[in-house]
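One structure is given here, and the rest of the page talks about it.
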Amino acid sequence: MKKGMKHELDGVLNMTVPDKVAEQLRKFGIKDEDMNNETAIAVALYQQAVKGNVNAINTISKMTDDPEQLKLENKKKRSRARFVKLEVERISNLFESMSPERKELARPLIENASFLSVTLEELREEITNNGIKEKYQNGNNQLGFKDSVETRTYNAMLRTYMSIIKQLSDMLPSGNENEEDDFDRFCDDE
């Protein structure tokens, strides 16, 4: 059924347009041999985008993007989500021995710390590849360098990340005294 619907829709899109629509398409510079419903829809979508319709702009962007590039971006998003999930699991393991209530309190902090950790790693890679500065030009005569957007974002996110890690660290139970005693004994034996 899906193939049949697609076939029918293709047929409708390739049909000739009514005279009134053809007149508008000619004003837009479309040749008669290129006129069909698909062209009419594309022109209407373009006109909406020019007027500032964000949905039309996004639709055009999606339709004109390179399919391979879209696949890579989707793969990167899935990979990113997987890394965030792994980081959530890694940090959550530190809170295994805590009460369920404390774990629940820590959960949003863990999720934010995980997101920030993965994002900071991505920003670090961008900064490594592109540097910490970018050129700017204000007017005709004012040229120079400034911190890149990635650098500013990295610094702001790093402060937030460190704050969350501090909060999480404060929630953890204090260390085991026996371990400290064992360490002290080890040092004494040497």
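Quick note: the coordinates plus some simple rules give every number you see, no bench work behind them. Since this is a predicted model, take the numbers as computed values, not measurements. Cβ atoms come from the backbone with ideal geometry, glycine included; neighbour counts cover every protein chain shown.
Computed values, structure above
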quantity: Long-range amide H partners of residue 133 with built H, under 5 Å; calculated: 148
quantity: Given charges at beta-carbon only (K, R positive; D, E negative), |dipole| of the chain in Debye; calculated: 1580 debye
quantity: Sparse-neighbourhood loop sites, chymotrypsin sites (Phe, Trp or Tyr not before Pro) in the range 1-86 - DSSP loop, at most 15 other Cβ within 10 angstrom; calculated: 28
quantity: Selection from 40, 115, 160 lying farthest towards where the dipole of the chain points positive, charges on Cβ; calculated: 40
quantity: Order of 109, 143 under a 10 Å beta carbon neighbour criterion, fewest first; calculated: 143, 109
quantity: GluC sites (Glu not before Pro) restricted to DSSP loop in the range 18-87 with at most 10 other C-beta within 10 Å; calculated: none
quantity: Among (1) 28.7, 98; (2) 16.8, 51; (3) 15.0, 48, the entry that matches Rg and Dmax of the Cα atoms in Å as calculated here; calculated: (1)
quantity: Relative exposure of 111, 89, judged by other C-beta atoms within 10 Å (fewest first); calculated: 89, 111
quantity: Residue-averaged [θ]222 nm for the chain, counting only DSSP H segments that reach four residues, each worth -39500 (n - 2.57); calculated: -25000 deg cm²/dmol
quantity: Cα gyration tensor shape of the range 2-64, rounded if a/c is under 1.5, else prolate or oblate by comparing a/b with b/c; calculated: oblate
quantity: Straight-distance crosslink candidates among lysines, where the alpha carbon sits under 22 Å from residue 146 and sequence neighbours closer than 8 are dropped; calculated: 133, 135
